[in-house]
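Undergrad: The structure that follows is given in the form of structure tokens.
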Amino acid sequence: MATLKHKIVPHLWFDREAQEAAEFYTAIFDDARITSRVTISDTPSGRVEVVSFELLGQPFMAISAGPLFSFNEAISFMVKCDSQQEIDDYWQRLCADGGQAVECGWLKDRFGLSWQIVPAIMDELLQNGSAEQVARLTQAMLGMKKLDIAALERAWLGQDPADG
């Protein structure tokens, strides 16, 4: 019997795009792979395709089971990035082919799934800043779609975020 490595696995419901989505996501992230594909017949939804995949060691499952559910912003995946280049790369790739920028580091990919592409340093700035620093950081972030690490740090320090 198999031992569970992860007790919590995000499970994503797609109309018919589970395989396409898994291929899209595994092409974007390092240390990513499709681990299995299974087709199940005779379900209440008819023929169902289940695709398991991993992104950066985190397992996911995707199912193509018809238009019963859709994604919304109540659930998103946060990607913590170490550099502006990493933010720019994930942003561009996740927005490709019909994705859209939202605000405050949020975007929706072409499947409607919400992502937050944020600097890894954000937690440290928010947790270790004074009330004034956190307020300045928040105001700077509210004016952005894709987050700019240098501008956020300038705001936190009390400098004009637009100065670069």
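Undergrad: Give the shape of segment 8-69 as rounded, prolate or oblate, defined through the alpha-carbon gyration tensor: a ≥ b ≥ c are the square roots of its eigenvalues, a/c under 1.5 means rounded, and otherwise the shape is prolate if a/b is larger than b/c and oblate if not. Please report the intermediate quantities before stating the final value.
TA: On the way: a/c = 2.19, a/b = 2.07, b/c = 1.06.
Because a/c hits 1.5 or more and a/b exceeds b/c, segment 8-69 counts as prolate.
Undergrad: Right, here's the next one. Neighbour counts of other C-beta atoms within 10 Å: give me 23, 124 arranged from fewest to most.
TA: Working: 23 14, 124 11.
Fewest-to-most ranking of 23, 124: 124, 23.
Undergrad: Add +1 for every Lys or Arg and -1 for every Asp or Glu among the other residues with Cβ under 12 Å from the Cβ of residue 54, and state the total. Walk me through the intermediate numbers first.
TA: Details: positive: 5, 33; negative: 30, 31.
The answer is 0.
Undergrad: Select one label from (1) 18.5, 56; (2) 18.6, 62; (3) 16.4, 50: the one whose number is Rg and Dmax of the Cα atoms in Å as derived from the coordinates shown.
TA: Derived directly from the coordinates: (2).
Undergrad: So, by mean Cβ neighbours within 10 angstrom, what's the order for 139-145, 36-42 with the highest one leading?
TA: Values: 139-145: 14.7, 36-42: 9.9.
Packing proxy ranking, top to bottom: 139-145, 36-42.
Undergrad: Separate question: For 104, 95, what ranking results if the residue with the fewest other Cβ atoms within 10 Å of its Cβ goes first?
TA: Details: 104 14, 95 20.
Taking fewest neighbouring Cβ atoms as first place, the list is 104, 95.
Undergrad: For segment 1-130, what is the percent of antiparallel DSSP beta bridges, rounded to the nearest 5?
TA: Working: 21 of 31 bridges.
The antiparallel proportion sits near 70 percent.
Undergrad: What are the aspartates and glutamates whose alpha-carbon lies under 16 Å from the alpha-carbon of residue 5, with same-chain residues fewer than 8 places away excluded?
TA: Reachable aspartates and glutamates: 54.
Undergrad: Please work out the C-alpha center-to-center distance from segment 1-53 to segment 100-152 and express it in whole Å.
TA: Each part reduced to its Cα centre gives a spacing of 29 Å.
Undergrad: What is the extension gain from residue 96 to residue 163, computed as 0.36 nm multiplied by their sequence separation minus the C-alpha to C-alpha distance, in nm to one decimal? Present the calculation step by step, with values, prior to reporting the outcome.
TA: Working: separation 67, 0.36 × 67 = 24.12 nm, distance 2.92 nm.
Length gained between residue 96 and residue 163: 21.2 nm.
Undergrad: Okay, next question. Output the relative contact order of the chain, whole-number percent, from Cα pairs under 8 angstrom with separation of 6+ residues. Present the calculation step by step, with values, prior to reporting the outcome.
TA: Values: 291 pairs, mean separation 28.0, N = 164.
Result for the chain is 17 percent.
Undergrad: 222 nm [θ] for the chain, helices only, -39500 (n - 2.57) per DSSP H run of 4+, per residue, to 500?
TA: Values: 5 runs with 52 residues, N = 164.
Rounded to the nearest 500, the figure is -9500 deg cm²/dmol.
Coordinate-derived values only; no laboratory data. Note that the coordinates shown come from a computational prediction; the quantities given were computed from them, not determined experimentally. Neighbour counts are summed over all protein chains in view; Cβ atoms, including those assigned to glycine, are modelled from backbone coordinates with ideal geometry.
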